[in-house]
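The values are calculated or read from the model by the stated rules, or taken from the named source; none is laboratory data. All figures in this text were calculated on a predicted structure; none of them were measured in a lab. Backbone-built Cβ (ideal geometry, glycine too); neighbour counts: all protein chains shown. Heads up: the accessible areas ignore ligands, DNA and RNA and are worked out on the full protein's heavy atoms, side chains in. Shrake-Rupley method; radii C 1.70, N 1.55, O 1.52, S 1.80 Å.
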Amino acid sequence: MTSLIDVVFLLIVFFVLVSRIVDEDRPRLDLPSPRPPATVVAAIGPRAVISVVPSEANTARYHLAGRYYPADKAGRAAIGSVLTDMLARNARTAIQIRAGRDIPWNVVAPLLDEAREAGTRAALQHPVRVQLAAIRERGV
Amino acid sequence: MRPHASVNRRRGSGVELQIAPMIDVVFLLLMYFMIATDFSPAEEVFRLDLPEQRVGEADPLQLLDEPLRVRVVAAGADGQQARVTVEGPWDVAGSADGLRVFLSQSLVPQGSLFMPDHPIVIVPSPRVGWGHVVAIFNAAVAAGCTNVTLETPS
């Protein structure tokens, strides 16, 4: 029995180390890390996570619910449609925006407009709740 | 010659280290921490409520509450830096730290210029990096402002 437990233990350690633990729904990004941070832990609840991922040639792509969208008018319209559906299903859905620190403001700003318009289309009775993701450096 | 030593050897020969219970416990602890641990503990958020879209709905009895507008423009030779200016007769050092100090000293109760819920509107220029925008947002929140929002170009 001891040998069996030893092997199971080693297998678990192996897979913990080798597996990709990061959530697939959140691409790796170089998020802003302001100092001293005034961030808060994100409240538990339904979320629509939009990531703004740097792409080739100084462009960017949006990522939402496992799909990538181009950072153009059509891509933003598609994201707006998805957000409207999510807000209509659950009005308490928070829209979390994760953007790399070098992404220009004019790529991120239209997402805020889309979120606001999605809230209007979904006939929310309250302002759209947005979360801006940032990194809290360890020990800060 | 050494009776005590021979007695100790006889008694110790029956002792056996039980590895299996220890591994069981380690296994359970490992499972517990795997389930309980958040693997991205450093990622946190700023909360922001987007204003609702209202056209032609102005309350004539509402007091004028002019927001404090903070402009963020790209600076430096490569445009990678940012410079902060505050609209109005305010003397603010052009950085996130300068803004934080200004707001900290202006908000009630430390100062007397603004209430903590006075609207702060951050107006970035198009090419400013998102990291700078978040740094300015962070400065306002860290100073104690509770009504901070971002103005989009549209």
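Is at least one residue of region A:97-113 more than 7 Å from chain B (Cβ to nearest Cβ), open to solvent by less than 60 Å² (accessible area, probe 1.4 Å) and part of a strand (DSSP E or B)?
Within region A:97-113 (the criterion being more than 7 Å from chain B (Cβ to nearest Cβ), open to solvent by less than 60 Å² (accessible area, probe 1.4 Å) and part of a strand (DSSP E or B)), the answer is yes, since at least one residue qualifies.
Would you mind finding the one in A:Pro110, A:Pro104, A:Pro54 that is touching a Lys or Arg at 6+ places or on another chain (Cβ under 6 Å) and closer than 18 Å to A:Leu29 by Cα?
Of the residues listed, the single one that is touching a Lys or Arg at 6+ places or on another chain (Cβ under 6 Å) and closer than 18 Å to A:Leu29 by Cα is A:Pro104.
Give region A:24-45 a look and list any residue that's more than 9 Å from chain B (Cβ to nearest Cβ) and basic (Lys, Arg), or say none.
A:Arg28
Please verify whether B:Gly79 is at pLDDT below 85 and open to solvent by less than 70 Å² (accessible area, probe 1.4 Å), treating the condition exactly as stated.
On the way: at pLDDT below 85: yes; open to solvent by less than 70 Å² (accessible area, probe 1.4 Å): yes.
Taking the combined requirement at face value, the residue satisfies it.
Report, by residue number, each residue of region A:120-140 that is at the interface with chain B (Cβ under 7 Å from one of its Cβ atoms), without any contact (Cβ under 8 Å) to a residue 40 or more places away in the chain and either closer than 13 Å to A:Tyr62 by Cβ or not in a strand (DSSP E or B) (or both).
A:Thr120, A:Pro127, A:Arg138
If A:Asp6 satisfies all but one of (1) within 29 Å of B:Ala143 (Cβ to Cβ); (2) part of a helix (DSSP H, G or I), what's the number of the condition it fails?
Going through (1) within 29 Å of B:Ala143 (Cβ to Cβ); (2) part of a helix (DSSP H, G or I) one by one, A:Asp6 breaks only (1).
From the list B:Val92, B:Val123, which residue is at pLDDT 90 or above, more than 25 Å from A:Val53 (Cβ to Cβ), in contact with a strand residue (DSSP E or B) (Cβ under 9 Å, 6 or more places away or on another chain) and more than 9 Å from chain A (Cβ to nearest Cβ)?
On inspection, the qualifying residue turns out to be B:Val123.
Can you give me the number of residues within region B:106-120 that are open to solvent by less than 20 Å² (accessible area, probe 1.4 Å) and either in contact with a Lys or Arg (Cβ under 9 Å, 6 or more places away or on another chain) or charged (D, E, K, R) (or both)?
The total comes to 1.
More than 11 Å from chain B (Cβ to nearest Cβ), over 20 Å from B:Gly131 (Cβ atoms) and assigned to a strand (DSSP E or B): which single residue out of A:Ala74, A:Ala48 fits that description?
Just a single option satisfies the conditions, and that option is A:Ala48.
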